[in-house]
Amino acid sequence: MSQFDIKTFVVNPLQENCYIVSDESKECVIIDCGAFFEEERNAIVDYIRHQELKPIHLLCTHAHFDHVFGAGTIYQHFGLKPEMHHDDEFLYLATNEQTTAMMGASINLQVPPVGAFLNDGDIIRFGNHQLRVLHVPGHSPGGVLFYCEEEKVAFSGDTLFRMSVGRTDLQRGSWTELMNSMHRIVAKLPEDTIVYTGHGPKTIIRDELSMNPYLK
């Protein structure tokens, strides 16, 4: 019997959603580890160890600071380097500068090197499942969505929120690209796809089609 578990950790001052996705094989992927405070980082590591999971990918929907704060912790404990779209590498390498600009706080965070660059259409395998990469620029140039067709689940980062969309006033954001990406998402994903977002509650494509004002 197939088992598919999604554990959500709400982390850092921006209340970002970090997801740990696993199945019966005990292999897992970590999506958007934005854990900033020590207790948040410990909770994620403890969960992985307590569940006896084997992390094999650290995936980034995009590289804004609140989604990558915890990359160093995952690298330290599990040896995984973050995987992201090449167009967001410049943001990732400027994590400290992003934090200062957005939060007014100066930090000296050491981020591990990028482990792999993701392209549109790539397949990421773990356990008995796979995620397809969909390039959805707009909120950031290298934004991606991860879609598991078998489980009818997607992880949208900050592109699609419940009844809303991501902001485009950050570096190299584009409203035109974001709207194109939104329409691509609803064209590619079946209406019964459950979408786990970068902040806030999950949603379902059917509801977004009928009620999201940005899709009217």
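DSSP assigns beta bridges within the chain; of those with both partners inside it, close to 65 percent run antiparallel.
When the solvent-accessible area of region 70-164 is split by element, carbon and sulfur atoms take up 46 percent of it, the probe being 1.4 Å.
Placing a pseudo-label 7 Å from each Cα along the Cα-to-Cβ vector at I107 and S25 gives an inter-label distance of 3.2 nm. Taking the Kirkwood radius as Rh and the Cα radius of gyration as Rg, region 1-81 has a ratio of Rg/Rh equal to 0.95.
Counting 0.36 nm for each residue step from H77 to Y214 and taking away their Cα separation leaves a gain of 45.3 nm. Looking at region 23-123, the chymotrypsin sites (Phe, Trp or Tyr not before Pro) that sit in a DSSP loop and have at most 13 other Cβ atoms within 10 Å of their own Cβ are F37.
For region 9-93, GluC sites (Glu not before Pro) meeting the loop criterion (DSSP other than H, G, I, E, B) and having at most 10 other Cβ atoms within 10 Å: E52. Over 32 Å apart: what share of the alpha carbon pairs of the chain falls there, rounded to a whole percent? Of all Cα-Cα distances in the chain, 11 percent exceed 32 Å.
Straight Cα distances below 23 angstrom link K26 to the lysines K7, K54, K81, K152, with same-chain residues fewer than 8 positions distant left out.
Is region 124-216 best put as rounded, prolate or oblate by its Cα gyration tensor, with a ≥ b ≥ c the root eigenvalues, rounded for a/c under 1.5, and otherwise prolate when a/b is larger than b/c, oblate when not? Here region 124-216 falls in the oblate category. For the chain, adding -39500 (n - 2.57) for each run of n ≥ 4 DSSP H residues and dividing by the number of residues yields -7000 deg cm²/dmol at 222 nm. Computed about its Cα centre, the charge dipole of region 60-125 is approximately 280 debye, with only Lys, Arg, Asp and Glu carrying charge at their Cβ. Using a Gaussian network model of the chain in which every pair of alpha carbons under 10 angstrom is joined by a spring, one finds that among H129, H77, H86 the greatest mean-square fluctuation is at H77. What does a probe at Q51 reach in region 189-207, counting residues whose amide N is under 19 Å from the point 7 Å along Cα→Cβ? Residues passing the 19 Å test: 194-203. Maximal additional length on extending the R162-D120 stretch stands at 12.8 nm, based on 0.36 nm per residue less the C-alpha distance.
Place a point 7 Å from the Cα of D207 along the Cα-to-Cβ direction; which residues of region 56-98 have their backbone N under 19 Å from it? Hits in region 56-98 for D207 at 19 Å: none. Of all DSSP bridge pairs formed entirely within region 7-78, close to 65 percent run antiparallel. Dipole size of the chain about its Cα centre, with +1 on Lys/Arg Cβ and -1 on Asp/Glu Cβ: approximately 200 debye, rounded to the nearest 20.
The values are calculated or read from the model by the stated rules, or taken from the named source; none is laboratory data. Only a predicted model underlies this, so the values are computations on that prediction, with no experimental measurement involved. Here the Cβ is made from the backbone with ideal geometry for all residues, glycine too, and neighbour counts use every protein chain on show. When the accessible area is computed, the model is the full protein with side chains, heavy atoms only, and any ligands, DNA or RNA have been set aside. Shrake-Rupley method; radii C 1.70, N 1.55, O 1.52, S 1.80 Å.
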